[in-house]
Amino acid sequence: MSGISSILIVDDEIDFAKGLVRMLQSQFPDNRVRFAISVPEAMEIMNRESVAAVLTDLRMPEQDGWDMIRQAQTVQPEAGLVVITAYGSIERAVQALKAGAYDFLTKPVDEEHLYRVVEKVLERYHLVMENRRLRRLTSQGGPNELIGESLAMQTLKRSLEKIAATDYTVLLRGESGTGKELAAKMIHDLSERRQNELVTVNCPAIPGELLESELFGHVRGAFTGAERNHQGLFMKADKGTLLLDEIGDISLDIQTKLLRVLQEQEIRPVGSNQSIKVDVRVVATTNQDLEAEIAQGSFRKDLFYRLNVLNATVPPLRERKEDIPLLVNAFLQQVCQEMGLPEMRIDPSTMSYLSAREWSGNVRELLNFVRRLVVFCPGEEIELSLVHFLDQPQGQSRPNNGAIVPYKEAKSKVVDEFTRTYINELLRQTRGNISEAARLSGLERVSLQKIMRRLNIQAQDWKQPGQNH
């Protein structure tokens, strides 16, 4: 269905319908205004394009307004339905409201009232569609969707949604492992190009001498081994989106040729003397400081400005730690499906530890760690002892210098180490305030004090001079 929503008038009186079309088209120029003289004709329109508002007469031969309401709700339930009725049919109009119509108009139609009703219907339609889109974007989703409900992620998703509505080049920035490729996929999936291909080029993975041929293609005989014509990735992405992943790693020579493509919207295959027009939206990602590279002469300033028409930064995981439980649960489900295992559970203390831990590799590191947890978990619940066992630095993963000790003893030691670290950090942040520490940790004050006595931890050690709690 088309991205532009329509206003559909359904009335068997052709002159009346055409009059409404003229009035509404002048008042709402951003919407297409259609008319149909029968329900089947109206349904043909609704089956091929998005309809925001339907204005339907009740009395029509063969199939009437009741049929229109029922069928429209089945095909596009988000469309606002307005009934047009004669003065003598107000009672039936009220029945139509109960059947799902949003409002009704009486004949002869008052122009100002018509505009007000249609404006409200369009506002409602766009609100419904926006809520639906935001629910989809903030849902946990699968491995190919951005996951997160933090303020940072909501801000990013709103930016990406606005970017997707345009056709400009985009530069996505962010640390390694933050999910820049997923951000690019979201832009493509929400854009008018979504029916066509999203082609990804991992720039650092392709040797510089081959990258030109991969991007722009080559003709037979262009170089040794070129036995036939090769279609480049720009041609493959024609009418779609090309993602240039880690654009900062390409050579100056390729930068120059890429700049020409962006300026001219045409490519020249290696070995060819003819250019080919292409219609490609370019999205580039980088984890590098391109401005610093420009200053050093390793990145072209004019290419930077060509790529940086629109931009967004994908936040690191440390700036959205509240998203970690969502990510862990989604990754746990994903990995269990990948391995054909029954769904596993995360112990609450495990989740607390994962949420507080620093993830320098961002979301990618977290996903890989969840994979390790699933692989080595002996049961259906991932406990904190396993997390600590796997989270030890290389060469320190076994207690007692590598000697195997009984499982319960090893588990108790690891849990005590975590608890001691956790409680000390808790008291450091609360400056020894037991009540505040209990509130932040979710523990009862008595339980917290019992743990502190067992581990010989003194709140007084963390209090500021003169502080008394």
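Bear in mind that the values in this text are calculations on the coordinates, not laboratory data. Just so you know, these numbers come straight off a predicted model, no measurement behind them. Counting neighbours? That spans all protein chains shown, and the Cβs are built from the backbone with ideal geometry, glycine included.
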Subject >> Magnitude of the charge dipole, the chain, Cβ model with Lys/Arg +1 and Asp/Glu -1, debye to 20 >> reply: 1460 debye
Original post:
What translational D, rounded to a whole number of µm²/s, comes out for the chain from Stokes-Einstein when the hydrodynamic radius is the Kirkwood one over Cα pairs, at 25 °C and 0.890 mPa s?
Top reply: 88 µm²/s
**OP:** Please work out the Kirkwood hydrodynamic radius for the stretch 321-462, using every pair of different C-alpha atoms, and report it in angstroms with one decimal place.
**Re:** 16.5 Å
Original post:
Sorted by average packing, counted as other Cβ atoms within 10 angstrom per residue and highest first, what order do 423-432, 30-39 take?
Top reply: 30-39, 423-432
Original post:
In whole Hz, what ³J(HN,Hα) sequence does the stretch 97-112 give by Karplus (6.51, -1.76, 1.60; θ = phi - 60°), x for Gly and Pro?
Top reply: 4, 5, 7, x, 5, 7, 6, 9, 10, 10, 8, x, 6, 7, 4, 5
Subject >> Share, in percent, of DSSP beta bridges within the stretch 164-315 that are antiparallel, nearest 5 >> reply: 15 percent
Original post:
Residue by residue through the stretch 190-202, which ³J(HN,Hα) values in whole Hz follow from phi under the Karplus form 6.51 cos²θ - 1.76 cosθ + 1.60 (θ = phi - 60°), with glycine and proline marked x?
Top reply: 9, 8, 5, 8, 4, 6, 9, 7, 9, 9, 10, 10, 7
**OP:** Treating only the Cβ atoms of Lys and Arg (+1) and Asp and Glu (-1) as charged, compute the dipole magnitude of the stretch 418-465 about its Cα centre; round to the nearest 20 debye.
**Re:** 100 debye
Original post:
Taking H as built 1.01 Å from N, whose amide H comes closer than 5 Å to the amide H of N311, not counting residues under 5 places away?
Top reply: L171
Original post:
Non-local amide H neighbours of R34 (under 5 Å, H modeled in plane, Pro and chain starts lacking H): which ones?
Top reply: I7, L8, I9
Subject >> GluC sites (Glu not before Pro) restricted to DSSP loop in the stretch 287-356 with at most 13 other C-beta within 10 Å >> reply: E343
**OP:** Highest first, please rank the peptides 377-389, 324-336 by the mean number of other Cβ atoms sitting within 10 Å of their residues.
**Re:** 324-336, 377-389
Original post:
So for the chain, taking the charge dipole from beta-carbon charges (+1 Lys/Arg, -1 Asp/Glu), which of A36, N229, T430 sits furthest toward the positive end?
Top reply: T430
**OP:** Choose one of F389, P378, M351: the residue whose Cα lies farthest towards the positive end of the charge dipole of the chain (beta-carbon charges +1 Lys, Arg; -1 Asp, Glu; about the Cα centre).
**Re:** F389
Original post:
If amide H atoms are built 1.01 Å from N in the plane of the peptide, which residues on other chains or at least 5 residues away come under 5 Å of the amide H of R345?
Top reply: E381, I382
Original post:
For the chain, what is the percent of antiparallel DSSP beta bridges, rounded to the nearest 5?
Top reply: 5 percent
Original post:
What is the diffusion coefficient of the stretch 217-356 in µm²/s, taking the Kirkwood radius over Cα pairs and the Stokes-Einstein relation at 37 °C with a viscosity of 0.692 mPa s?
Top reply: 173 µm²/s
Subject >> Residue (of T85, V109, L97) at the positive-pole extreme of the stretch 6-133, dipole from beta-carbon charges >> reply: L97
Original post:
Let a ≥ b ≥ c be the square roots of the eigenvalues of the Cα gyration tensor of the stretch 14-82; is it rounded (a/c under 1.5), or, if not, prolate (a/b larger than b/c) or oblate?
Top reply: oblate
Subject >> Equivalent ellipsoid dimensions for the stretch 150-204 as semi-axes, Å, which come from the Cα gyration tensor, largest first >> reply: 18, 16, 9
**OP:** Quick one: grab the alpha carbon gyration tensor of the stretch 347-393, order the square roots of its eigenvalues as a ≥ b ≥ c, and give me rounded if a/c is under 1.5, else prolate or oblate depending on whether a/b is larger than b/c.
**Re:** prolate
